[in-house]
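Data block below; observations after.
The values are calculated or read from the model by the stated rules, or taken from the named source; none is laboratory data. Just so you know, these numbers come straight off a predicted model, no measurement behind them. Methodologically, a virtual Cβ is constructed for each residue, glycine included, from the backbone with ideal geometry; neighbour enumeration extends over all protein chains shown. These area figures cover heavy atoms from the full protein model, side chains too; ligands, DNA and RNA do not enter into them. Shrake-Rupley method; radii C 1.70, N 1.55, O 1.52, S 1.80 Å.
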Amino acid sequence: MRRSTGLLLVSVLGISATACGSGEPATPSAGGAKAVTITVACQPARSAPKERQAWDDDVAAFMKAHPGVTVKSTDQQPCFDPKTFGPKLAGGQMETVFVVPVTNYADVIAQGQALDITQYTGAVKNWNDLRADVRELVTKDGKVYGVPNVHYSVGLVYNRALFTKAGLDPNTPPKTWAEVREAAKKIAALGPGYVGYGEYSGGNTGGWHFTQAIYGRGGAILTPDNKKAAFNSPEGKAVLQNLHDMRWVDNSMGNKLLVGWESLMMAMGSGKVGMMLGAPDVVTDVVNKFKGNVADYGITGFPEAKASLSGGEAFMVNPKATPEEAKAALEWVDFRFNTVGKGRFDFARGKANGNPVGVPDNDVYGDSATGKAIQADRVKNASLPVQNYDPYVQAAATVPPKAEPVHAQELYAILDVVMSGVLSRKDAGIDQLLADAETKADAMLAAKG
Amino acid sequence: MGILRRNLTAYGFLCAALFCFTVFAWYPMVREFILSFQKTDLINPPTWVGLDNFKAAVQDPAFGEAWLNTVEFTLLALLCGYAVPFVVALVLNELRHARAYLRFVVYLPVMLPPIVAVLLFRWFYDPGPGLFNQVLDFLHLPPLAWLDSSSTALISLVLVSTWMNMGSATLIYLAALQNIAPELYEAAELDGAGIFKRIRHVTIPQTRLILLLMLMLQIVATMQVFIEPYMLTGGGPENATVSVAYLMYQFAFSQMNYGQAGALGMLLMLALLVFAAIQLRTTREDRA
């Protein structure tokens, strides 16, 4: 009878939700202004007590500076979970201000699941310093639906300690795929359990990384008009052939399929995986959530990069929020996430708390005045060897960002099959895998219109 | 009034049960039926789209594979999950010593939360330090890819499922076996029947009804397989373990296409209704 869980999950969570307001009824404050209560997502978990305390301190400081505004935090991790997003929103459980990853911007905006906040952007004092191309991602038909919070491009995350152990120079990381392959072989040769290069194969992460890899080689997932698949191309074949050869010819990728985000992050945190495609936030997550040793990790540019899949997240506001709630929400976002030297940019506090400070994990302000001030502050308070990330910083500035394809999740599910094909079968026919995926993608795109 | 008062407690329990069924079973089913004909984002008012969701579900690239995998999983699960508990029940029924202990051992996996059981098997199946490959290595046999090959992934899930659910089925079979009158076995023995003839001519006919019921219940249950692919394989490799229920989950929570998920749910429900109808008919004929 337990199998009915699957159906019930879909039925009950997805279906039986009822709509309610997102906040509590506003009542006049002591000063006469309308009191407002907002709920805010992304409070650090109890397992990170220092980070949580810093958050709570910020909440207290914000409420003191904004009389009449009450902030209630939620600590669901991850902050954005596609499994619960729709039902939470429909059931009135969604926070007033919540995080959406770039992968979901288009869907959330198109489905009316985020409030038009154009009139409130003034609450974010450094709004005009946010990168224009990043702001564009949360803008549709001239209306703004989010405050970009994080932006990064993909690089190559590598374990410097393993490089040293394998006789490689960690200060000259691979720049080409041939060099990646050679380095992976040497790391895998360290012994059983060592993996030279880690890669996803399922849970839509396989398709996501295929997209990163094909973009990096100058290829595309879809034709410019988004009507047909374009990944059955020399670039797509090169991605798969390289993976196939590393897995089956060099035996440098381990013998275990990695399904879902946690699997590779956990492996990376174990200190036995040499390299993976990833953004700087991989270092933060591997260290904070998967117990990796921060000094071990370095980042370099994407090998032979011609373009880079954009990554990041934005804060969006609950479409059911009242104008007062929306304004207070944007003020919170400004206070905690967009003020130099405060909130998340209080690098001195982060350093004192033992956080890894110095990872260039956010380029949302680019080289604007705010961006330069943040970067200077970050370097000044760095607790990490920032030179470990210089190759990435230099390379990222020269690689043009490229947005996710439309119907990304559907395409990633289709592309998971080709990734798991080459990583699970020595005799996998790359041409056939790509042709089959192309047929499926074209049919899906035609059905979606 | 007197009768009503006398049965008040019974009506109270009945109402509670009806309330639970209404809220957690019938209402979601009705909503799912409605949803399967709507396009909705759960925020804005839904729009009626006729059979579009059904068309989209059928046209999905993984639709055919999901049904084939589900049917294959069901058949394999029946082969293991239906026959093995019956044989175990027969053995337990014949034992004279350590009966209670062995029953406890057989039932133990049912008491584990499914997630825990599945995670345990994830370690068993690990191609490196996993228990199963260690055992194969000890026996000088080559390692298997288990979950990491499209040729072994599905059967690996069947093994997990069988292990998790065997205890309940075994206990039900055991209860049925213990209801068989001992005189029937004594008479068969006097007629010179060996153990296999006794099973064929006494045990199976006497437990026919429960065997049929369990067959249908297991078909209905195994066709909704979800936890195993969700936790162990993500439907891979190469869609080899994507099931109908898992695909529904993908539609709803990965693609946020709730109407399409509802439509696929309705298709699965229709298929299960066919089995339920067969079961009802079979048991009715049997009683007649």
Hey, what D do you get for region B:140-275 in µm²/s if you plug the Kirkwood alpha-carbon radius into Stokes-Einstein at 20 °C and 1.002 mPa s?
-> 118
Nearest 0.05, what FRET efficiency do residue A:379 and residue A:406 give at R0 = 35 Å with Cβ-Cβ as r?
-> 0.35
Rg to Rh, two decimals, where region B:112-206 supplies the alpha carbon set and Rh follows Kirkwood | 1.22
Of all lysine pairs in region A:295-431 that are eight or more residues apart or on different chains, those with Cα atoms under 23 Å apart total 8
If R0 is 35 Å, what FRET efficiency do you get for residue B:278 and residue A:435 from their C-beta distance, rounded to 0.05?
-> 0.30
When you count, for each residue, the other Cβ atoms within 10 Å and take the mean per peptide, how do A:401-407, A:55-61 rank with the highest first?
-> A:401-407, A:55-61
Residue A:133 accessible area, assembled protein chains, probe 1.4 Å, Å² = 70
Near residue A:178, within a Cβ-to-Cβ distance under 12 Å, what is the net charge of the other residues, with Lys and Arg +1 and Asp and Glu -1?
-> -2
Place a point 7 Å from the Cα of residue A:165 in the direction of its beta carbon; the residues of region A:251-279 whose amide N falls under 19 Å from it are A:251-256, A:264-277
FRET E, pair residue B:44, residue A:125, Förster distance 35 Å, beta-carbon r, rounded to 0.05 = 0.60
Label-point gap, in nm, between residue A:241 and residue B:78 - each point 7 angstrom along Cα→Cβ | 4.7
Within 10 Å of each Cβ in A:415-425, the average number of Cβ atoms from other chains = 6
Based on the Kirkwood radius over alpha-carbon pairs, what is the Stokes-Einstein translational diffusion coefficient of region B:236-288 at 25 °C with 0.890 mPa s viscosity, in µm²/s?
-> 191
List the residues of region B:89-129 whose backbone N lies under 19 Å from a point placed 7 Å from the Cα of residue B:195 along the Cα-to-Cβ direction.
-> B:89-100, B:102-103
Using a ≥ b ≥ c from the Cα gyration tensor of region A:294-449 (square roots of the eigenvalues), is it rounded, prolate or oblate, where a/c under 1.5 gives rounded and otherwise the larger of a/b and b/c decides, a/b for prolate?
-> oblate
May I have the extent of the alpha carbons of chain B along their three principal axes, as whole Å values ordered from largest to smallest?
-> 75, 73, 32
In region A:34-74, what is the volume of the convex hull around the alpha carbon atoms, normalised per residue and reported in Å³?
-> 46
For region B:182-288, the accessible surface attributable to carbon and sulfur atoms (probe 1.4 angstrom, ligands and nucleic acids excluded) amounts in percent to 62
Membrane-span-like helices (DSSP H runs, Cα span along own axis at least 30 Å, mean Kyte-Doolittle at least 0.5) in chain B -> B:153-178, B:258-287
Pairs beyond 28 Å (Cα-Cα), from A:88/B:39; A:64/A:291; A:83/A:291 | A:64/A:291
Using alpha carbon centers only, region A:83-147 is separated from region A:257-275 by a whole-angstrom value of 31
Provide the net charge surrounding residue B:35, with neighbours chosen by a C-beta distance below 13 Å and charges set as Lys +1, Arg +1, Asp -1, Glu -1.
-> -1
The Cα extents of region A:346-424 along the principal axes, largest first and rounded to whole Å, are 46, 28, 22
Tell me, what is the percent relative contact order of chain B, built from C-alpha pairs under 8 Å that lie six or more residues apart?
-> 29
1.4 Å probe accessible area per residue over the protein assembly as shown, in Å² = 45
Quote the relative contact order of region A:102-150 in percent (integer), defining contacts as alpha-carbon pairs under 8 Å separated by 6+ residues.
-> 42
About the Cα centre, charge dipole magnitude for the protein assembly as shown (Lys/Arg +1, Asp/Glu -1 at Cβ), debye | 1360
Do the sum for the protein assembly as shown: with -39,500 (n - 2.57) for every DSSP H run of n ≥ 4, divided by all residues, what is the mean residue ellipticity at 222 nm, to the nearest 500 deg cm²/dmol?
-> -15500 deg cm²/dmol
Taking the Cα atoms only, what angle lies between the long axis of helix A:205-216 and the longest principal axis of chain A, rounded to 10 degrees?
-> 80
If you find the alpha carbon centre of region A:367-402 and of region B:229-282, how far apart are they in angstrom?
-> 47
So, with points 7 Å from each Cα along the Cβ direction, the residue B:137-residue B:91 label distance in nm works out to 2.8
Summed buried accessible surface, chains A and B, 1.4 Å probe, nearest 100 Å² = 4200
Fraction of alpha-carbon pairs in chain A farther than 33 Å apart, rounded to whole percent, equals 38
What does the charge count near residue A:392 come to, summing +1 for each Lys or Arg and -1 for each Asp or Glu among other residues with Cβ under 11 Å from its Cβ?
-> -3
